[in-house]
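The values are calculated or read from the model by the stated rules, or taken from the named source; none is laboratory data. From a predicted model like this one, the values you see are computed outputs, not experimental measurements. Here the Cβ positions follow ideal geometry from the backbone for every residue, glycine too, while neighbour counts run over all protein chains shown. The area values use the complete protein model at the heavy-atom level, side chains included, leaving out ligands, DNA and RNA. Shrake-Rupley method; radii C 1.70, N 1.55, O 1.52, S 1.80 Å.
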Amino acid sequence: LLRQAIRADTTTGKLTEEWREERAIPDKRNSMLLGECGSVIGGLTKNSKRESLPLKRPYLRVANVYEKRLELTDVKEIGVAEGEIDRASLEEGDLLIVEGNGSLDQIGRVAMWRSEITNCLHQNHLIKFRADRTIVLPEYALTSLMSPSGKDEIVQKATSAAGLYTLSISKVSGIAIEVPSLEEQKEIVRRVEDLFAIADRIEAQYRTARARVDRLT
């Protein structure tokens, strides 16, 4: 709840309200579509024909992507054609958004790629957002997508008339986020990281205290 409250304040401008007042900066943020802030790109479609391709690369699946973190203990390889590599490759700062594959609990999980594995690609059930850093910082985009309003926007885009919940390149491109200046984005990211570090310490202290209480007769 604390983390969600922090993320909510990032999208409303409340988190940096005093920071703007100290610098006499107006609260000016533009509502922009994700597709206007960078590139939204699909990945590799897995099929039996890929097994016969001689060129193999590690690739990420839905099972590797969780909220704000990647689980990389089980990364598989996939056959790929030379001409597919540029489109499906991962670069530092890319955001990976879980398509959902029909399940609401799969929708909207987002994590950032930090070049943990060399020459890594991604599957089509993960939609990649590559930020135009002259417009938006990937760290800020990640925080925005994980905020309550960002998650609501993702679910709204994913919901279909048939009751299925899936995202697509066009739907992800149409997700709206609030974009302040790059200077304010940097300050927001810094404050979020600091506040999350405090939240981690509070949780650790609570777990320690709770363990002590549980040991009492």
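Numbers below:
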| quantity | calculated |
| --- | --- |
| Cross-chain or 6+ apart pairs with Cβ under 7 Å, segment 70-92 first and within 21 Å of Ser39 (Cβ to Cβ), then of a type in the set (D, E, K, R) and assigned to a loop (DSSP other than H, G, I, E, B) | Leu70/Glu116; Glu92/Arg114 |
| In segment 1-43, the residues that are hydroxyl-bearing (Ser, Thr, Tyr), at pLDDT 90 or above and either farther than 28 Å from Glu99 by Cβ or assigned to a helix (DSSP H, G or I) (or both) | Thr16 |
| Matching residues in segment 166-187 - criterion: being over 19 Å from Ile41 (Cα atoms) and over 16 Å from the mean Cα position of the chain (by Cα) | Pro180, Ser181, Leu182, Glu183, Glu184, Lys186, Glu187 |
| Residue within segment 61-73 that is modelled with pLDDT of 95 or more and among the aromatic types (Phe, Trp, Tyr) present | no |
| Candidate set: segment 174-196, residues that are open to solvent by 40 Å² or more (accessible area, probe 1.4 Å) and in a helix (DSSP H, G or I); chosen: the one farthest from Val62 (Cα to Cα) | Glu183 |
| Number of positions in segment 147-173 that are touching a Gly at 6+ places or on another chain (Cβ under 7 Å), not in a helix (DSSP H, G or I) and not aliphatic (A, V, I, L, M) | 2 |
| Where Glu21 falls short, out of the listed (1) more than 21 Å from the chain's Cα centre (by Cα); (2) more than 22 Å from Leu195 (Cβ to Cβ) | (2) |
| Qualifying positions in segment 32-52 - of a type in the set (Ser, Thr, Tyr) and over 17 Å from Glu139 (Cα atoms) | Thr45, Ser48, Ser52 |
| Any hit, segment 195-210, residues being small (Gly, Ala, Ser), closer than 30 Å to Glu17 by Cβ and touching a helix residue (DSSP H, G or I) at 6+ places or on another chain (Cβ under 8 Å) | yes |
| Positions within segment 148-165 being of a type in the set (Lys, Arg) and over 15 Å from the mean Cα position of the chain (by Cα), in sequence order | Lys157 |
| Test: Leu164 is under 16 Å from Arg69 (Cα atoms) and either in contact (Cβ under 8 Å) with a residue 40 or more places away in the chain or open to solvent by less than 20 Å² (accessible area, probe 1.4 Å) (or both) | no |
